[in-house]
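This report concerns only the one structure given below.
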Amino acid sequence: MSEASREDLGWIEGKDRRLEVLSPAPLVLSTPVRLLAGKRITDKESMFVRNIQDLAEAHSLEPRPIEGWEIELTGLIDPSRLIIHAEELLEMDQVEHEMVLQCSGNGRSQYQGTPGTPWKQGGLANVRFTGVPLSAVLQKHNVRVDHQVKYVTAAGADLPMGHEFQALEHSLPVADVLEKSILALSLNGEPLPGIHGGPVRLVTPGFFGTMQLKWLARLRFEIDESPCFYHAIEYRVPLSPVKPGEQFRFTLENSRPTWFIRLMSYVLDPEPGAELAAGPVTVSGVAYNDGSARLESVLVSSDGGQSWQPAEFQAPESPYAWYQWRTQVNLEPGIREIWSRAFDAHGRTQPLDGSVSWNPNGYEWTGVFKTEVTVA
Ligand SMILES: Nc1nc2c(c(=O)[nH]1)N[C@H]1C(S)=C(S)[C@@H](COP(=O)(O)O)O[C@H]1N2
Ligand SMILES: [Mo]
């Protein structure tokens, strides 16, 4: 364990100073609503950071050298071990995904009595990742994946630093990995910054942030899910509802990983706590899901859900990107809440009471979004 990984590594030069430090080590930075509002793409300066483990040499917004970076592939593949030299990816055809990057703990502070980082809505971004499909790399090297393989387990080069001193790794369903995962080399058209996983990140659109493994070093093709603490105990939700406060012992059988992004919408403008004049106000925000169905509508209420009006939006080209929506509401004087609620073509929506999906670690908040403003 490197000592540097345990201490506060300081501010990331170039990050917007308005980011809120939720933890100095491991580094967790939350993006204030005003830095997300009105922008289709979240710039690297405004992007949230969620390290479970720090990697001292990657504590920068600068790109990291790709020369000499290796990714080891093992498990039920033929050949049984393969080293990918990251430089070779530069020569291959690249694909781009505009996509939501969202921590599965985002919105946690709205649940009662859940431990962990008290995220409001700042663990969220919409960015462009570019890289080489993992399936193309396998094809290039004539790698055969055994038909028994069910999961691909990915790990970064970062060192364990949690109480459990286990290295972070996550397992993803092999079908999704072969269909969607890319070895990402760039972010918003520039070489991937160190703090966001450079030089190589495993990016699988439609999956929660924790599954987007930074500083990719190892991939294992396996029958079983990883027993790693962060995959087998944390970053999971029970398969059946648990009452708030109830004890729950996580096993691989009674729970599932926080894999697919849940349907969500947010009011980004006005920002929470804004002071406004009475009358018509333009309200705007974003909405998205896991990319498996288009959004059908976003409804907005300024009277506590008694009446709802549809917002306008245009579907983005990428199914994994957020939709930007806007509408006008009429605000009466007083303390008011502006609510937003999205619906998708699978018939999914945000429950009026988000606490119905309460789970012991407070993941996957998907309740109706509520912003409080003061109207004079
Ligand atoms: N190697 C590695 N990958 C990681 C993490 C980490 O600590 N180490 N944190 C994960 C979590 S929980 C999230 S939400 C996202 C955050 O991505 P960002 O820091 O680029 O915003 O990275 C994920 N990938
Ligand atoms: Mo996360």
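The values are calculated or read from the model by the stated rules, or taken from the named source; none is laboratory data. Owing to the predicted nature of the structure, the values given are computational and were not obtained by experimental measurement. All Cβ positions, glycine included, derive from the backbone under ideal geometry; neighbour counts span all protein chains shown. Please note that ligands, DNA and RNA were not included when accessible areas were found on the heavy atoms of the full protein model with its side chains. Shrake-Rupley method; radii C 1.70, N 1.55, O 1.52, S 1.80 Å.
Observations on the model:
- Candidate set from region 211-242 (those that are within 20 Å of the chain's Cα centre (by Cα) and without any contact (Cβ under 8 Å) to a residue 60 or more places away in the chain); member that is nearest to ligand 1 (Cβ to nearest atom): 213
- In region 201-218 there is at least one residue that is part of a strand (DSSP E or B), open to solvent by 30 Å² or more (accessible area, probe 1.4 Å) and touching a Ser or Thr at 6+ places or on another chain (Cβ under 9 Å).
- Among the residues of this structure, residue 162 does not count as one that is on the phi > 0 side of the Ramachandran plot, at pLDDT below 95 and either surrounded by fewer than 16 Cβ atoms within 10 Å (Cβ to Cβ) or in contact with a Cys (Cβ under 7 Å, 6 or more places away or on another chain) (or both).
- Unmet criterion (only one of (1) surrounded by fewer than 17 Cβ atoms within 10 Å (Cβ to Cβ); (2) more than 20 Å from residue 210 (Cα to Cα)) for residue 23: (2)
- Members of region 261-301 that are outside any strand (DSSP E or B), open to solvent by less than 30 Å² (accessible area, probe 1.4 Å) and closer than 23 Å to residue 334 by Cα: 270, 274
- When region 236-288 is filtered for residues that are closer than 21 Å to residue 31 by Cα and among the aromatic types (Phe, Trp, Tyr), the ones remaining, listed by number, are 266, 288.
- The requirement of being in a strand (DSSP E or B) and surrounded by fewer than 21 Cβ atoms within 10 Å (Cβ to Cβ) is not satisfied by residue 171.
- The residue of region 299-316 that is nearest to the chain's Cα centre (by Cα), among those that are of a type in the set (A, V, I, L, M, F, W, C) and farther than 24 Å from residue 374 by Cβ, is 315.
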